[in-house]
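Asker: Structure incoming, see below.
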Amino acid sequence: MVCKSSDVWLYFWSNSAALVSAQKYNQTSEDLQTIPYRLFVEWAFIFLPILYHGGYGVYIWLRGQSNVSQYPWVRNWLYTLQRWTGLVAFAYIGWHLYTERWVTHGRSTYATVATDLRNPFYLAFFVLGVLVSSFHLGVGIWNFLCKWGLAATARAQRAAGQLGVLVGLVFSVVGVLIIISFRWDWHPFADYLTK
């Protein structure tokens, strides 16, 4: 699911512009909307990978057997939490795409997102969505490295787990900071703008 990971990086990079200023966010959003062949790029590298990953994840979730009650080991808990956070993340991503891409025809602005986040339920859903998506990504990286043999030894698996924790924490913090930026019109990196 490498395409899914690259989508996450692009998403966080572009939305991090809100930490600089509302104008920077709006300019970044406009720049993304004027990419040549935008519809092809969106479908090939964002929508189809998300649909495949989410659809396959639901299939695994339906067929998977959790044995955490019999064997409450960390890996079994991670397996169970990976599946549940995947469902929540899939719903969050779907809702986010619907509200910020299709309803606005890709023209959402800093002001429209800030207005949406004034609703406490919307705000709570966004925070929950960012946190579960970040957790899902972090565990997914660890699982990918171990299952595909890239982390074969106990030491490599421990390092892969640490990498997964680091990625999950970084994305959680950055995601929540972006939400705070929209909700409270807070721009900690406004000094990055040249005068």
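Asker: Looking only at segment 164-173, decide whether some residue is open to solvent by less than 70 Å² (accessible area, probe 1.4 Å), within 30 Å of residue 78 (Cβ to Cβ), of a type in the set (S, T, N, Q) and modelled with pLDDT of 95 or more. Don't jump to the end; show me each part of the working.
Answerer: Taking segment 164-173 first, the residues open to solvent by less than 70 Å² (accessible area, probe 1.4 Å) are 164, 167-168, 171-172.
The next check asks that each one be within 30 Å of residue 78 (Cβ to Cβ); those that pass are 164, 167-168, 171-172.
Pick out the ones that are also of a type in the set (S, T, N, Q) and you get 172.
Then drop every residue that is not modelled with pLDDT of 95 or more, which leaves 172.
Checked against the condition, which is being open to solvent by less than 70 Å² (accessible area, probe 1.4 Å), within 30 Å of residue 78 (Cβ to Cβ), of a type in the set (S, T, N, Q) and modelled with pLDDT of 95 or more, segment 164-173 yields at least one hit.
Asker: Another question, if that's okay. Just checking, how many residues over segment 30-51 are open to solvent by less than 20 Å² (accessible area, probe 1.4 Å) and under 22 Å from residue 177 (Cα atoms)?
Answerer: The qualifying residues number 0.
Asker: Is it the case that some residue within segment 98-108 is of a type in the set (Asp, Glu), open to solvent by less than 50 Å² (accessible area, probe 1.4 Å) and touching a residue at least 24 places away in the same chain (Cβ under 8 Å)? Reasoning before the result, please.
Answerer: Start the filter on segment 98-108 by keeping residues that are of a type in the set (Asp, Glu), which leaves 100.
Imposing the further condition that a residue be open to solvent by less than 50 Å² (accessible area, probe 1.4 Å) reduces the set to 100.
Filter again for touching a residue at least 24 places away in the same chain (Cβ under 8 Å), leaving none.
No, segment 98-108 contains no residue that is of a type in the set (Asp, Glu), open to solvent by less than 50 Å² (accessible area, probe 1.4 Å) and touching a residue at least 24 places away in the same chain (Cβ under 8 Å).
Asker: Taking interchain pairs and intrachain pairs at least six residues apart, which have beta carbon atoms under 9 angstrom, with the first residue in segment 139-152 and surrounded by 18 or more Cβ atoms within 10 Å (Cβ to Cβ) and the second in a loop (DSSP other than H, G, I, E, B)?
Answerer: Filtered contacts from segment 139-152: 140/1; 142/151; 145/151.
Asker: Still on this structure, please answer the following. Do the conditions hold for residue 75, that is, is it out of contact with any helix residue (DSSP H, G or I) (no Cβ under 8 Å at 6 or more places or on another chain), basic (Lys, Arg) and open to solvent by 30 Å² or more (accessible area, probe 1.4 Å)? Steps first, answer last, please.
Answerer: On the way: out of contact with any helix residue (DSSP H, G or I) (no Cβ under 8 Å at 6 or more places or on another chain): yes; basic (Lys, Arg): yes; open to solvent by 30 Å² or more (accessible area, probe 1.4 Å): yes.
Spelling it out, residue 75 is indeed out of contact with any helix residue (DSSP H, G or I) (no Cβ under 8 Å at 6 or more places or on another chain), basic (Lys, Arg) and open to solvent by 30 Å² or more (accessible area, probe 1.4 Å).
Asker: Please report, ordered by residue number, the helices (runs of 4 or more DSSP H) entirely within segment 101-195 with at least 3 residues that are over 23 Å from residue 85 (Cα atoms), out of contact with any strand residue (DSSP E or B) (no Cβ under 8 Å at 6 or more places or on another chain) and among the hydroxyl-bearing types (Ser, Thr, Tyr). Give the derivation first.
Answerer: Values: elements: 110-116, 120-147, 154-184.
Per the criteria, 110-116.
Asker: If you don't mind, there's one more thing I want to ask. Residues in segment 114-132 that are over 19 Å from residue 172 (Cβ atoms) and either open to solvent by 60 Å² or more (accessible area, probe 1.4 Å) or of a type in the set (A, V, I, L, M, F, W, C) (or both): how many?
Answerer: Narrowing segment 114-132 to residues over 19 Å from residue 172 (Cβ atoms): 114-116, 118-121.
Going one step further and asking which of them are either open to solvent by 60 Å² or more (accessible area, probe 1.4 Å) or of a type in the set (A, V, I, L, M, F, W, C) (or both), we end up with 114-115, 118-121.
Count: 6.
Asker: Continuing with this model, one more query. List every residue pair whose Cβ atoms sit under 8 Å apart, with the two residues 6 or more apart in sequence or on different chains, where the first one lies in segment 57-78 and is touching a residue at least 60 places away in the same chain (Cβ under 8 Å) and the second, anywhere, is surrounded by 14 or more Cβ atoms within 10 Å (Cβ to Cβ) and of a type outside the set (Gly, Ala, Ser).
Answerer: These pairs meet every condition: 78/139; 78/142; 78/143.
Conditions (1) outside any loop (DSSP other than H, G, I, E, B); (2) within 18 Å of the chain's Cα centre (by Cα), marked per residue:
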{"residue": "23", "(1), (2)": "yes, no"}
{"residue": "36", "(1), (2)": "no, no"}
{"residue": "43", "(1), (2)": "yes, yes"}
{"residue": "52", "(1), (2)": "yes, yes"}
{"residue": "56", "(1), (2)": "yes, yes"}
{"residue": "79", "(1), (2)": "yes, no"}
{"residue": "85", "(1), (2)": "yes, yes"}
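The values are calculated or read from the model by the stated rules, or taken from the named source; none is laboratory data. Please read all numbers here as calculations on a predicted model, not as lab measurements. Here Cβ is always computed from backbone atoms with ideal geometry, including for glycine, and neighbour counts include all displayed protein chains. Only protein heavy atoms, including side chains, enter the accessible area calculation; ligands, DNA and RNA are left aside. Shrake-Rupley method; radii C 1.70, N 1.55, O 1.52, S 1.80 Å.
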